[in-house]
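**Student:** The structure's right below; bear with me while I get my questions together.
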Amino acid sequence: MTDTSANQMWGGRFAAGPDAIMEAINASIGFDRRMAAQDIAGSRAHAAMLAATGIVSDSDAEAMREGLLTVLSEIEGGSFAFSTALEDIHMNVEARLKEIIGEPAGRLHTGRSRNDQVATDFRLWVRDQADAAIDGLQALMTALVAQAEQGADWVMPGFTHLQTAQPVTWGHHMMAYVEMFGRDLSRFRDARARMNESPLGAAALAGTSFPIDREMTARALGFDRPMANSLDAVSDRDFALEFLGAATICAIHLSRMAEELVIWSSAQFRFVVLSDRFSTGSSIMPQKKNPDAAELIRAKIGRIFGANVALTMVMKGLPLAYSKDMQEDKEQVFDAADNLMLALAAMTGMVSDMAANREALEAAAGSGFSTATDLADWLVRTLDMPFREAHHVTGSLVALAERKGCDLPDLTLADMQGVHAAITDDVFGVLGVHNSVASRTSYGGTAPERVREQILRWKDVLK
């Protein structure tokens, strides 16, 4: 077979043959350049430690640290020339450092390996993303609390199976999402606390014979401590999986709320009006106002959950310590983090801007026999009726109201006594939606006084 025909087998991009394929599959600079700031921070901490322990001279360490700042400035300024031939961000930075400071650059890698270097960089990057998620969640929760405070006593229908169930308050519904996102907040905080150990100094897998000070580099990089086992330090990606797990659950919550906003903003519900900033028009239907931001948030769960599954599959069969498979650990996490932050920001914007339609909420709250449970509870409390019998009597009254084309409060006392003679005029005191929500005073209930208690609690937590 001629060289030409052999090259044709590889196809256009890889016409140069196997060398081009190996360079393309081996290189990660196309995506791990995102860790440049973390890589340089880790190298500067390592250089300072090498000098402090006498492994390199103070002058060499100072040259390294200053040269690395120059490299970072070039990267941030857009003038840095990344090279695929140099494979990754670590070698790209080191090669440029050598051009800037010469021979001392060759001493930077003393006492470490690319294995612990990339593990440190990636851990620092994910830690930064956990911090960003924490900030984003706090902003969203603050916006939800503001909505809840405005409508702590506004009535609306509560749903099960998307069917009207019982009246609740707008504030109660908003605070339900505060609780959900509060759990997300705690998950990211827990994950951050667990990931805050430094792999730097684990070297390739077994540690190093140089007298390094891992406590010093850990402190310099904001870690609580160095990781206790060098094999684990270079092979662990639990921190990334935990971040993706927390991101996946958070994205589920964002998607559920987005679904409600899509429903609520429809002409059939009219519960909320979304601002023009987070809606779009139709290309042919001038009356349309589409909740595109909410719909796109709803779709983000696919990308984030997909990243979680992908990294799980990468890690599931790897022996200790490092394998090249682990180069596939970053792109999914980068994409998931980007999409999570975008979804959090968009949801915060929508919640901050949206206007609840109090009149439509209240009109819907009284429909669908939403106070039927209040009637049954009244029969139990007032007439000492067993709940199952009360349930049956209430069902008969609902059926009667359906036949008459009215709601329960619109039945006359005679209508009700025709079903059960012991019912008195007092029953009408529990049938209004405002009476219903006001009566739900158990801890965690929808009564406005309980909602306001939770609002105060969360405002204090979110200070």
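The values are calculated or read from the model by the stated rules, or taken from the named source; none is laboratory data. This is a predicted model, so every value here is computed, not measured. Every residue, glycine as well, gets a Cβ built from its backbone with ideal geometry; the counts of neighbours run over all protein chains shown. Keep in mind that these areas ignore ligands, DNA and RNA; they rest on the heavy atoms of the full protein, side chains included. Shrake-Rupley method; radii C 1.70, N 1.55, O 1.52, S 1.80 Å.
**Student:** Against the conditions (1) in contact (Cβ under 8 Å) with a residue 40 or more places away in the chain; (2) within 13 Å of Ala240 (Cβ to Cβ), where does Ala310 fall short? Just the number, please.
**Tutor:** With respect to (1) in contact (Cβ under 8 Å) with a residue 40 or more places away in the chain; (2) within 13 Å of Ala240 (Cβ to Cβ), Ala310 is out only on (1).
**Student:** Go through (1) over 23 Å from Pro409 (Cβ atoms); (2) among the polar types (S, T, N, Q); (3) outside the structural domain of Ala247 (by the TED database) and name the single condition Thr348 misses.
**Tutor:** Failing condition for Thr348: (3).
**Student:** When you look at Glu215, is it in the same structural domain as Ala346 (by the TED database), at pLDDT 95 or above, surrounded by fewer than 23 Cβ atoms within 10 Å (Cβ to Cβ) and within 26 Å of the chain's Cα centre (by Cα), yes or no?
**Tutor:** no
**Student:** Mind checking which residues of the stretch 160-175 are open to solvent by 50 Å² or more (accessible area, probe 1.4 Å) and within 23 Å of Arg457 (Cβ to Cβ)?
**Tutor:** Selection gives His172 alone.
**Student:** Please verify whether Ser198 is farther than 30 Å from Gly158 by Cα, of a type outside the set (Lys, Arg) and either open to solvent by less than 50 Å² (accessible area, probe 1.4 Å) or assigned by the TED database to the domain that holds Ser323 (or both), treating the condition exactly as stated.
**Tutor:** In short, yes.
**Student:** Now for a separate question. From the residues in the stretch 103-142 that are among the hydrophobic types (A, V, I, L, M, F, W, C) and surrounded by fewer than 20 Cβ atoms within 10 Å (Cβ to Cβ), which one is farthest from Leu241 (Cα to Cα)?
**Tutor:** Ala139
**Student:** Let me ask you something else. When both residues are 6+ apart or on different chains and their Cβ atoms are under 9 Å apart, which pairs have a first residue that lies in the stretch 219-237 and is at pLDDT 95 or above and among the aliphatic types (A, V, I, L, M), and a second that is crowded, with 20+ Cβ neighbours inside 10 Å and in a strand (DSSP E or B)?
**Tutor:** Leu221/Ser198; Met227/Ser198; Ala233/Ser198; Ala233/Pro226
**Student:** Considering only the stretch 87-102, how many residues are within 34 Å of the chain's Cα centre (by Cα), in a helix (DSSP H, G or I) and surrounded by fewer than 21 Cβ atoms within 10 Å (Cβ to Cβ)?
**Tutor:** The number of residues fulfilling the criteria is 1.
**Student:** Looking only at the stretch 416-460, count how many residues are over 25 Å from Met175 (Cα atoms), touching a residue at least 12 places away in the same chain (Cβ under 8 Å) and either of a type in the set (S, T, N, Q) or not assigned by the TED database to the domain that holds Glu389 (or both).
**Tutor:** Of the residues in the stretch 416-460, 1 are over 25 Å from Met175 (Cα atoms), touching a residue at least 12 places away in the same chain (Cβ under 8 Å) and either of a type in the set (S, T, N, Q) or not assigned by the TED database to the domain that holds Glu389 (or both).
**Student:** Got a number for residues in the stretch 440-456 being over 13 Å from Val155 (Cα atoms), open to solvent by 10 Å² or more (accessible area, probe 1.4 Å) and assigned to a helix (DSSP H, G or I)?
**Tutor:** Selection size over the stretch 440-456: 6.
**Student:** Go through the stretch 236-272 and give me each residue that's open to solvent by less than 10 Å² (accessible area, probe 1.4 Å), more than 16 Å from Asp184 (Cα to Cα) and either out of contact with any strand residue (DSSP E or B) (no Cβ under 6 Å at 6 or more places or on another chain) or among the hydroxyl-bearing types (Ser, Thr, Tyr) (or both).
**Tutor:** Result: Arg237, Ala258, Leu261, Phe271.
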